[in-house]
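A.B. asks: Shown below is the structure under consideration.
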Amino acid sequence: MSILLNEDSKIVIQGITGGEGSFHTREAIKFGTNVVAGVTPGKGGQDLDGIPVYNRVIDAVEKEGANASGIYVPAAFAPDAILESIEAGIELIVCLTEGVPALEMVKVKKALKGSNAHLIGPNCPGLTTPEVGKIGFMPSFIHKKGGVGVISRSGTLTYEAIWQLTELGIGQSTSIGIGGDPIVGSTFVDLLKLFKDDPDTELIVIIGEIGGTAEEEAAKIIKGMDKKAVGFIAGRTAPPGKRMGHAGAIISGGKGTAAEKIKVWKDAGITVVDNLTEIGVNVQKVLKKG
Amino acid sequence: MKIHEYQAKKLFNDFKIPTPKGDVASTPDEVKKIAEDIGKVVIKAQIHAGGRGKGGGVKIASSPGEAYKIAKEMLGSKLVTHQTGPEGKTVNKVLVEEVLDIEKELYLGIVIDRSQKEEQPVIMGSSEGGVEIEKVAAQTPEKIVKVSANPVGSFSAYQGRKIAYGMGLDKDGAKKATRLLNNLYNLVIGKDASLVEINPLIITKEGELIALDGKINFDDDGLYRHPDIKELRDLEEEEPLERQASDLGVNYIKLDGNVGCMVNGAGLAMATMDLIQLAGGEPANFLDVGGGASSEKIEKAFSILISDKNVKAILVNIFGGILRCDRVANGLIEAAKNLDMSLPLVVRLQGTNVEEGKALLNDSGLKIEVAQSLDEAAKKVVSLAASEV
């Protein structure tokens, strides 16, 4: 089992004919992902390796039964692409695009509230359910099917954590990068609730970073859960007032430091790992204790 | 992106938010000329840092002669405040403004609140202006009034009234404050600002509301649709190496340590800095070359990294997904050759084409340590940096 992306997912790729879109679509198909359609306005009627391309998301829904989407369009068009997916009734929307203005995300979040859709991203590596499929950039070789749910605000740091698990023979249910922007679609809180109800997720690895209050909000949910969590927070050495790559990774007004977040997590019963290279072994230890 | 007070005030005027009469100047003669027109003036140093008043960057002149004298001292000097660091910042411009009779000082601000409860712009007002709002929030939170705005609809007058009456204004003041807030809100939405602050917003003896100070930060992700705002960037305010890096399209931030690092991905880059500290060293920088870096980009990023003379050893940490390890290895080899690199270099590669990458590095004949694990790499680079000192 898994969350969000499962055997019933039929994926449409928005921006499938672009460089990024076509490359990652092919990678995803090699991984076993069920991509049923693509959308590029103006290129309806074409195909990518036999996958039909449509002008509108609604066509992919009506003709191919698409119920999930991956968005690889430039930042200026990404909010529109998300809204189009929401309107077409898509249930899982994954937006990989970097550089979406925060005020656009404010609008998108209002639209999401009136729908059944889950949005992952923007500015994220996407999500993978091993042996089912992936939407996004995560390298295919790092995954192994199993019972650990992984959620993170980062990209490569997530791969690092997943790879440590896999090397130790510990598999994952679903791994998700939620994105590094100040306002993202699905938050730690939203996804923790899904993992909590997933019978096959035994333990959760959560990777946070400096800036904002997402980690503090997550702690409240984890405190009330009967599943164990292992956590890591990046940015202990980050200086205040500087944007550390991600738009959301900034200590402002003295708030959002790693020290604060680590304390809140420890108080919530999360096993917080200090050394990035020891995420896997800590999960192993916690799993053994049962 | 940050801008100067004088630029913020020009934008305020564009959005019909009143500011004191005045102008910006970069020479003492210009300052004198403005003072001749206005009379008694306040001269304010224009740097991207708070605490200018306490640092000696805000001074009053009663005559044009005095204004000239103050400007001569201030322009070109280094101003040190609690936000600039001990090295201070050079004052290249000053804002020269009329001195107003202040009846009361208030605070107004709009910020995009990223907490899950809000995820939208929030308007804040306080009767306690002229002091740091963080201090008011910590000590007397009841003196801050907040209201959530919603950019899908337009600003509603009741939101302004909620703030205005909450700040203790009378009917006339509330009317003016509501209008001003509406304009300020339009500025945020119209220009993709992530934070706007007027602190203080003053009420003059004549009952006028005027923005005595102004601070605006912009969402970098929104700049593509505001070329006019992009032009307000002051390159002089930026660390020269950080400026070079941003022109190159990589994220680099200079720190004080001596272990340089180059990583793909922002989260992993931060975590690598933390690991260096955990191994007993201090990171010299944050450097994220991104997911799809070319050999050429890696070489350029490397040249920025080694222009920091504090750097004694370098750790390269790459988790290759889309970015293939052999490509990284080629970039490193080219960089080490072309830049005549003499610093010890420890490389940890993991992921796609890792064996090919390692082989390339080992066969290069260069002084490159290929580490088997990340932990080993961190320990090695820290000890190498320590022995170079």
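A.B. asks: To test your reading of the geometry: what angle, between 0 and 90 degrees and rounded to tens, separates the Cα axis of helix B:157-166 from the longest principal axis of chain B?
C.D. replies: Approximately 80 degrees, to the nearest ten.
A.B. asks: Using modelled amide H (1.01 Å from N, peptide plane; none on Pro or chain starts), what sits under 5 Å from the amide H of B:THR352, excluding residues fewer than 5 places away?
C.D. replies: Result for B:THR352 returns B:GLY320, B:GLY321, B:CYS325.
A.B. asks: Under 20 Å from the Cα of B:LYS171, which aspartates and glutamates turn up, not counting those fewer than eight places away in the same chain?
C.D. replies: By straight Cα distance, B:LYS171 reaches B:GLU103, B:GLU105, B:GLU128, B:GLU206, B:GLU208.
A.B. asks: Same structure, new question: Just list whichever of A:LYS228/A:LYS255; A:LYS255/A:LYS285; B:LYS104/B:LYS162 have alpha carbons separated by over 22 Å in the model shown.
C.D. replies: Listed pairs above 22 Å: A:LYS228/A:LYS255; A:LYS255/A:LYS285.
A.B. asks: Residue by residue, what Karplus-based ³J(HN,Hα) values in Hz, rounded to whole numbers, does segment B:32-41 have, using 6.51, -1.76 and 1.60 with θ = phi - 60° and x for Gly and Pro?
C.D. replies: 4, 5, 5, 5, 5, 6, 9, x, 5, 10
A.B. asks: Identify, among B:PRO28, B:GLY50, B:VAL96, the residue whose Cα sits farthest towards the positive end of the charge dipole of segment B:22-99, taking +1 on the Cβ of Lys and Arg and -1 on the Cβ of Asp and Glu, with the dipole about the Cα centre.
C.D. replies: Of the candidates, B:GLY50 comes out farthest on the positive side.
A.B. asks: Determine the order of B:LYS146, B:LYS93 by accessible area, beginning with the largest, at a probe radius of 1.4 Å.
C.D. replies: Sorted descending by solvent-accessible area, the residues read B:LYS146, B:LYS93.
A.B. asks: Can you list the residues of segment A:257-290 that have at least 40 square angstrom less accessible area with all protein chains present than in their chain by itself, probe 1.4 Å?
C.D. replies: Checking the loss per residue gives A:ASN275, A:LEU276, A:THR277.
A.B. asks: Going 7 Å from the Cα of B:ASN92 toward and past its Cβ, which residues in segment B:222-260 have a backbone nitrogen under 18 Å from where you end up?
C.D. replies: Flagged as within label range: B:229-247.
A.B. asks: Roughly how tilted is helix B:295-307, in degrees to the nearest 10 and between 0 and 90, from the longest Cα axis of chain B?
C.D. replies: Compared with the principal axis, the helix lies near 70 degrees.
A.B. asks: Next question, about the same structure. Dipole magnitude of chain B about its Cα centre, charges +1 at Lys/Arg Cβ and -1 at Asp/Glu Cβ only, in debye to the nearest 20?
C.D. replies: 740 debye
A.B. asks: Now a separate question. A 23 angstrom limit on the alpha carbon distance is what I want to check against. Which of B:LYS135/B:LYS175; A:LYS242/B:LYS117; B:LYS93/B:LYS215; B:LYS33/B:LYS72 exceed it?
C.D. replies: Distance filter (> 23 Å) returns B:LYS135/B:LYS175; A:LYS242/B:LYS117.
A.B. asks: Size of the dipole of the protein assembly as shown about the Cα centre, Lys and Arg at +1 and Asp and Glu at -1 on the beta carbon, nothing else charged, in debye to 20?
C.D. replies: Charge dipole of the protein assembly as shown: 1120 debye, to the nearest 20.
A.B. asks: Below 14 Å, Cα to Cα, which aspartates and glutamates can A:LYS227 reach? Residues fewer than 8 away in the same chain don't count.
C.D. replies: A:ASP197, A:ASP198, A:ASP200, A:GLU202
A.B. asks: Here is a further query. Can you compute the label reach from B:LEU100? Point 7 Å from Cα along the Cβ direction, backbone N cut-off under 14 Å, restricted to segment B:192-208.
C.D. replies: Zone members listed by number: B:198-208.
A.B. asks: How far is helix B:171-191 tilted off the main Cα axis of chain B, in degrees rounded to 10, range 0 to 90?
C.D. replies: It works out to around 30 degrees.
A.B. asks: If you keep only loop residues by DSSP, which GluC sites (Glu not before Pro) in segment A:31-98 have at most 10 other Cβ atoms within 10 Å of their Cβ?
C.D. replies: Answer by residue number: there is no such site.
A.B. asks: Right, another one. With every protein chain present, what is the per residue accessible area of chain A (1.4 Å probe, Å²)?
C.D. replies: 36 Å²
A.B. asks: Tell me the total accessible area that B and A bury against each other, 1.4 angstrom probe, in square angstrom rounded to 100.
C.D. replies: Using a 1.4 Å probe, the pair buries roughly 4300 Å².
A.B. asks: Assign unit charges at the C-beta atoms only (+1 for Lys and Arg, -1 for Asp and Glu), then state the dipole size of segment A:117-245 relative to its Cα centre in Debye, rounded to the nearest 20.
C.D. replies: Here segment A:117-245 has a charge dipole of around 220 debye.
A.B. asks: Take the solvent-accessible surface of the protein heavy atoms, probe 1.4 Å, and return the percent of it on the protein assembly as shown that carbon and sulfur atoms account for.
C.D. replies: Solvent-exposed carbon and sulfur of the protein assembly as shown make up 48 percent of the total.
A.B. asks: Still on this structure, please answer the following. Which whole-number percent gives the relative contact order of segment B:239-388, counting Cα pairs below 8 Å spaced six or more residues apart?
C.D. replies: Rounded, it is 24 percent for segment B:239-388.
A.B. asks: Let me ask something additional. Below 8 Å, C-alpha to C-alpha, sequence gap of six or more: please give me the relative contact order for segment B:1-62 in percent.
C.D. replies: Worked out over segment B:1-62, it gives 31 percent.
A.B. asks: Is any residue of segment B:15-44 close enough, with backbone N under 13 Å, to a label point placed 7 angstrom from the Cα of B:ILE60 along the Cα-Cβ axis, and if so, which?
C.D. replies: B:40-43
A.B. asks: For segment B:68-205, with the dipole built from +1 on Lys and Arg beta-carbon atoms and -1 on Asp and Glu ones, taken about the Cα centre, which of B:ALA157, B:LEU108, B:THR81 lies farthest toward the positive end?
C.D. replies: My answer, from the dipole projection, is B:ALA157.
The values are calculated or read from the model by the stated rules, or taken from the named source; none is laboratory data. Model, not experiment: these values are computed from the prediction. As a convention, Cβ positions derive from the backbone with ideal geometry for all residues, glycine included, and neighbour counts pool all protein chains shown. Accessible surface is based on the protein model in full, side chains and every heavy atom, while ligands, DNA and RNA are left aside. Shrake-Rupley method; radii C 1.70, N 1.55, O 1.52, S 1.80 Å.
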